[in-house]
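Inspection log for the structure reproduced underneath, given as structure tokens.
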Amino acid sequence: MNSMMGIIRLDGSSAMLKELCEHRPVASLPIAGRYRVIDFALSNMVNAGITNVGILMTEKARSILDHLRSGKDWDLARHREGMYYMPNDSVDGRAPIGNLSGLYNNLDYVQHSSGDYVLVAKADSIYNMDFNKVLEYHQSTGADITFVYQTINGSIPGTSSVLKVADSGLVKDIYKSPNVEAGSDVTMGVYLMAKDTFINLVKTAFERGGTDLLIDGIMRRMDEYTIYAYRHEGYMARINSVEAYYRASMDIRKPEVWEELFMGENVIHTQRKDAVPVQYKETAVVTDSLIANGCEIRGEVENSILFRGVKVAEGAKVKNAILMQHAVIGKDAVIENVICDKDVVVGEGKSLKGADTYPIIVSKGAAI
Amino acid sequence: MSKTKCLAMILAGGQGSRLGALTKNIAKPAVPFGGKYRIIDFPLSNCANSGITTVGVLTQYRPLELHTYLGTGNAWDLDQQSGGVFILPPYARDKGADWYKGTADAIYQNLNFIDTVDPDYVLILSGDHIYTMDYAEMLAAHKARKADVTIGVFGVSWEEAPRFGIMNCDTEGRIMEFEEKPAKPKSNLASMGIYIFNREYLDKYLKEDAVLDTSSHDFGKDIIPKMLGDNGCLFSYAFEGYWKDVGTIESLWEANMDLLQDEPPFELSSKWRIYSSNPSLPPHYLSPEAVVKRSMVNEGSMVKGTVEHSVLFSGVRVGKDAKVTDSVVMPFAKIEDGAEVQYAIVAQNCVIKAGAKVIGAPGAISVIPEGTVVAAE
């Protein structure tokens, strides 16, 4: 048997995402015009034939429940298995710290699931990859644990877990680094291991007072495991800061990234909506932009990403902007280097400009 | 199955021969419309929005794509424990197999289905019109007048009237006379092919009609005239709003172009949502060179050229310096660099090669059938 079950973790620091993640985990942050960040990890699992996915819950999860619902849009609303919400309840009256207690509390679910392997992924990355290749690699190396990593070609902000990988793929060292330079091998938060290994690892680490799967479960016990790392060659962006979010959004606009992520054999699924195709009116001038259905455009849009149902009035100019669902940009308004969260209204003639490298964030529902 | 008040039956078996190349492989109700829809989305969405949750879809001609599209009815929220979408193709009985011989015969052959659902009213719809309509209001009018039958009518222009089945009504809306394509119409109220029947009343007339060798088993030609002849209580229900028969290439093209007006004659984006199957495709991308005006563009498309006054379905590619004007480009068609498309309907998966030209004219829309490769001259 070669079957995997999936676990998607919603936990993780979102402090550097500021206002964007005030009310939501990074997993449900809207991205690329119609998706949420979790769609990528979840679709990758489904596309690899995984029919059993546990979602390890976190606080502020309302938007995730609203987005995933029964899992139907990912074909995970099934008679057997399918999607399963793993609550992260308090233990002995103590609020849970980290992800280990949530995993520990749901071990019986993992135990009774049919998969032979457990694939754990964080819901904070944008990528389209075939997890079956990771399983093949895992089996060929005889590793206890396989990490998925990427060699990065530019420095990235925010704390990352860096691997020292030998030519053979064997992992020599793992450490957390606050600043990562180009050429580093950075984990993508995806680990694969046999189910027994996973259960044992979580149990031991939690019962000894651990709180974090990576630190207490793996890093502190490196000498007990044979760890290999599988390199992902395609596009990958981890969304761990406003800057990273903005950069990834602008990347997705590039035709080659757009093609790789969305137009290949393995599609990224998301919640289905019945929006009308985009309506471009007589005065519309739109270039180098991603535009989602339900938008109605009369003004100018350049180098931007417009989510569903955004309206840009005549004379308005939108440049280097990310406008989430249902933003309304009034007549002759000027928007530049701005990220507007959902339901923002910018009045007639108003001007809003951020710095080139540092976009202004407009909070959900704000009226300007 | 719990008791259903009103059952809708959509006649979706028509070949749509006037749509020529567009219906070579698919039934007319499956023909794409408006950038993401298919014609049958309109009656289906109207049903869902009107609270009619049991819908029979009668298919016959080239049903594969239509059946695949309908699936479980999930797209229209019609995948229900009780009710939902029922696909009703003709089937073989112990005394042999019959195609549906006419609109009335199609319903007659499915009387057993109607018996299973056991509705009080049967709403008959056709799968070839673009419109949004609240059937619940029509049903309320039907009940209020205690009619045997209520027929949806639409005021067409007097010039067009001779092409339609025309209802001559009294001041209360009661139908006095029905004339099929009259040379000199006395009224401009055309039948929309939308009927609400009291179920027993329909049952009786269908059974009587079925055994008549002289009948063509058609609602307009046989059943309605017979009911009127018997002094049945038939009322008209006037529909106001946008209603368009998209049975010809020209009218299909026109209906698409209607959506591109600055204030379209009917809003796809209103609260009365038109549901459709939604494939998982990303927002479309317009390149730095793209010019897109007075157009509708769907997901998964990439435009590097010029698109004016056109409808682009999903996954369409328009290359650099290519020009698409006054046209409808269906899913996954490719218009390569420098190609030109004007006054045309380019069907699914066509490739208009670099530098090639497809130029039609108003009144002579050029149609490129599904999967065609058009090379430059």
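The values are calculated or read from the model by the stated rules, or taken from the named source; none is laboratory data. This one's a predicted model, so the numbers in the text were calculated from it and none came from an experiment. Note that each Cβ is placed from the backbone with ideal geometry, even for glycine, and that neighbours are counted across all protein chains shown.
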Legend entry - Residue that is surrounded by the most Cβ atoms within 10 Å (Cβ to Cβ) [pool: residues in the stretch B:92-119 that are without any contact (Cβ under 8 Å) to a residue 12 or more places away in the chain and assigned to a loop (DSSP other than H, G, I, E, B)]: B:Asp98
Legend entry - Matching residues in the stretch A:107-123 - criterion: being over 22 Å from the mean Cα position of the chain (by Cα) and part of a loop (DSSP other than H, G, I, E, B): A:Ser113, A:Ser114, A:Gly115, A:Asp116
Inset, instruction - Quickly run through the stretch A:240-262 and pick out the residues that are surrounded by 15 or more Cβ atoms within 10 Å (Cβ to Cβ), within 11 Å of chain B (Cβ to nearest Cβ) and outside any helix (DSSP H, G or I). - result: A:Arg253
Inset, instruction - Only residues in the stretch A:310-323 that are within 17 Å of A:Gly294 (Cβ to Cβ) and modelled with pLDDT of 95 or more count as the first member; pair them with residues that are assigned to a loop (DSSP other than H, G, I, E, B) and of a type in the set (D, E, K, R), Cβ under 8 angstrom, at least 6 apart or cross-chain, and list the lot. - result: A:Val312/A:Arg298; A:Ala313/A:Arg298; A:Ala313/A:Lys331; A:Ala313/A:Asp332; A:Ala313/A:Glu348
Inset, instruction - Examine the stretch A:265-274 for a residue that is within 8 Å of chain B (Cβ to nearest Cβ), touching a strand residue (DSSP E or B) at 6+ places or on another chain (Cβ under 8 Å) and assigned to a loop (DSSP other than H, G, I, E, B), and state whether such a residue exists. - result: yes
Inset, instruction - For residues that are at pLDDT 95 or above and β-branched (Val, Ile, Thr), tally how many sit in the stretch A:143-164. - result: 3
Inset, instruction - Restrict the check to the stretch A:48-69 and report whether at least one residue is in contact (Cβ under 8 Å) with a residue 60 or more places away in the chain, assigned by TED's automatic domain parsing to the domain that holds A:Ser101 and among the small types (Gly, Ala, Ser). - result: yes
Inset, instruction - Go through the residues of the stretch B:252-267 one by one and say whether even a single one is more than 14 Å from chain A (Cβ to nearest Cβ), surrounded by fewer than 18 Cβ atoms within 10 Å (Cβ to Cβ) and at pLDDT 90 or above. - result: yes
Inset, instruction - Kindly state which strands (runs of 3 or more DSSP E) lie completely within the stretch A:323-367 and contain at least 1 residues that are touching a helix residue (DSSP H, G or I) at 6+ places or on another chain (Cβ under 9 Å) and hydrophobic (A, V, I, L, M, F, W, C). - result: A:334-340, A:360-362
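Given the criteria assigned to a loop (DSSP other than H, G, I, E, B), modelled with pLDDT under 95 and either more than 9 Å from chain A (Cβ to nearest Cβ) or within 30 Å of A:Trp74 (Cα to Cα) (or both), does B:Pro331 qualify?
Judged against the criteria, B:Pro331 is not a match.
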Legend entry - Exclusive hit being touching a residue at least 40 places away in the same chain (Cβ under 8 Å) and under 30 Å from A:Asp89 (Cβ atoms), set A:Leu213, A:Leu170: A:Leu213
Inset, instruction - Identify, by number, the condition in (1) more than 7 Å from chain A (Cβ to nearest Cβ); (2) part of a loop (DSSP other than H, G, I, E, B); (3) without any contact (Cβ under 8 Å) to a residue 12 or more places away in the chain that B:Ser280 doesn't meet. - result: (1)
Legend entry - Residue in the stretch A:47-68 that is surrounded by the fewest Cβ atoms within 10 Å (Cβ to Cβ), counting only those that are in contact with a strand residue (DSSP E or B) (Cβ under 9 Å, 6 or more places away or on another chain) and more than 20 Å from A:Asn106 (Cβ to Cβ): A:Gly49
Inset, instruction - Determine the pairs where a residue that is at positive phi, located within the stretch B:342-353, has a partner that is part of a strand (DSSP E or B) with Cβ atoms under 7 Å apart, the partner being 6 or more residues away or on another chain. - result: B:Tyr343/B:Ile359; B:Tyr343/B:Ala361; B:Tyr343/B:Ser366
Legend entry - Residue ID - farthest from B:Ser45 (Cα to Cα), chosen from residues in the stretch A:275-293 that are within 7 Å of chain B (Cβ to nearest Cβ) and part of a loop (DSSP other than H, G, I, E, B): A:Asp288
Inset, instruction - Can you confirm whether the stretch B:355-364 contains a residue that is farther than 26 Å from B:Ala27 by Cβ, touching a Gly at 6+ places or on another chain (Cβ under 6 Å) and away from chain A (no Cβ under 14 Å)? - result: yes
Legend entry - Elements of type strands (runs of 3 or more DSSP E) in the stretch A:139-232, at least 1 residues being within 19 Å of the chain's Cα centre (by Cα): A:145-151, A:160-165, A:185-194, A:227-231
Inset, instruction - May I ask you to verify whether B:Leu234 is closer than 16 Å to B:Ile130 by Cα, in contact with a Leu (Cβ under 7 Å, 6 or more places away or on another chain), away from chain A (no Cβ under 14 Å) and not β-branched (Val, Ile, Thr)? - result: no
Inset, instruction - Only one of these is over 17 Å from B:Leu88 (Cα atoms), surrounded by fewer than 22 Cβ atoms within 10 Å (Cβ to Cβ) and free of Cβ contacts under 8 Å to residues at least 12 places away in the same chain: B:Glu159, B:Glu179. Name it. - result: B:Glu159
Inset, instruction - Read through the list (1) away from chain B (no Cβ under 14 Å); (2) more than 19 Å from the chain's Cα centre (by Cα); (3) of a type in the set (A, V, I, L, M, F, W, C), then give the number of the only condition that A:Val312 fails. - result: (1)
Inset, instruction - Taking the options B:Met302, B:Met296, name whichever one is crowded, with 17+ Cβ neighbours inside 10 Å, free of Cβ contacts under 8 Å to residues at least 40 places away in the same chain and either touching a Leu at 6+ places or on another chain (Cβ under 6 Å) or closer than 24 Å to A:Thr283 by Cβ (or both). - result: B:Met302
Inset, instruction - Identify, by number, the condition in (1) among the hydrophobic types (A, V, I, L, M, F, W, C); (2) surrounded by 17 or more Cβ atoms within 10 Å (Cβ to Cβ); (3) within 14 Å of chain B (Cβ to nearest Cβ) that A:Phe206 doesn't meet. - result: (3)
Inset, instruction - Pick out the one residue from A:Ile335, A:Ile297, A:Ile305 that is out of contact with any Cys (no Cβ under 8 Å at 6 or more places or on another chain) and more than 13 Å from chain B (Cβ to nearest Cβ). - result: A:Ile335
Legend entry - Residue list for the stretch B:287-320, restricted to those being in contact with a Lys or Arg (Cβ under 7 Å, 6 or more places away or on another chain), more than 7 Å from chain A (Cβ to nearest Cβ), of a type in the set (A, V, I, L, M) and assigned to a loop (DSSP other than H, G, I, E, B): none
